[in-house]
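Please read the structure below before turning to the comments.
Every number here is computed from the coordinates shown, using simple stated rules; none is lab data. Note that the structure is a prediction, hence the values are computed from the model and not measured.
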Amino acid sequence: MRLIVWLSLFIFSTSYSSYSQDTLKRPAVTSKMEEYHSQLLAAPGKKMLELKSVMPELIYELRYASLNNFMKRYMYPKGTTLCFMRKDAVDALKKVQGSLAGKGYGLKIFDGYRPYSVTVKFWELVRDERYVANPAKGSGHNRGIAVDLTIIDLSSGKELDMGTGFDNFTDSAHHDFNALPASVLQHRRLLRETMEQAGFRALETEWWHYFLPGADRYELLDLPFKKLKKDL
């Protein structure tokens, strides 16, 4: 009996200690619209825009608004049809879309801005910084400057074969994994070169994830999609 009680206390204290450390490490996060608006006064490029409202040709498959994701649960409100990014990132993405369109290709978006509170939930399940952002640092998604995406063929609407699906947490999703068909490597190279020419940078462990450099210039956000929509 004493052993059971001791084990229970140990597990509780360990969990509490871990939670307390995460809480103490929580960075500054913008969760009020008033604070967000004040940030825009000095830097209009930080404004959050809804991607399709600017680029209606985009295709959405917002995985975290469905059950088709590694968490197997709705991480965003069910049926969410909105995807936001900072104006600076949207301007860069327009260049990508224009470049690909000239080759008969388009973009499919899996995710853009991600509220900070969702990143915390991810971290509770996957504590591996190769694949999930540590809440102590926050992520490019939380800052509105990261995007998860792939290329589609405009004539068929089908995704180009990238070798793995979205959110594949294996080495085969890494940019330096070369044991793939030549056509797959070519598709990945096309995405990376086009994104980098527009100013994005690649995350080496995920072929679908790109972000703008200079993340420290953008605040971490925990603003609901509904509030951002009203602010457009």
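The angle between the Cα long axis of helix 33-42 and the longest principal axis of the Cα atoms of the chain comes to about 50 degrees, rounded to the nearest 10.
Helix 2-24 axis versus longest C-alpha principal axis of the chain: approximately 50°, rounded to the nearest ten. In this structure the amide hydrogen of Leu107, modeled in the peptide plane, comes within under 5 Å of the amide hydrogens of Ile59, Ile152, none closer than 5 places in sequence on its chain. Against the chain, whose longest principal axis is taken from its Cα atoms, helix 182-197 shows a tilt of about 90°. For region 143-153, the Karplus equation 6.51 cos²θ - 1.76 cosθ + 1.60, evaluated at θ = phi - 60°, returns couplings of 8, x, 10, 10, 9, 10, 7, 8, 9, 10, 7 Hz by residue, with Gly and Pro reported as x.
Close amide H pairs (under 5 Å, H built 1.01 Å from N) link Glu206 with His175, residues at least 5 positions away or on another chain. In the chain, Cα pairs under 8 Å separated by at least six residues give a relative contact order of 22 percent.
Over 22 Å between Cα atoms, which of Lys32/Lys229; Lys52/Lys158; Lys25/Lys121; Lys52/Lys108; Lys137/Lys230 qualify?
Values: Lys32/Lys229 14 Å; Lys52/Lys158 19 Å; Lys25/Lys121 15 Å; Lys52/Lys108 11 Å; Lys137/Lys230 28 Å.
From the list (Lys32/Lys229; Lys52/Lys158; Lys25/Lys121; Lys52/Lys108; Lys137/Lys230), the Cα-Cα distance tops 22 Å for Lys137/Lys230.
Structural size metrics of region 115-178, computed from C-alpha coordinates, are Rg and Dmax of 14.3, 43 Å. Less than 5 angstrom separates the built amide H of Arg201 from those of Phe211, Leu212, all sequence-distant by 5 or more or on a different chain.
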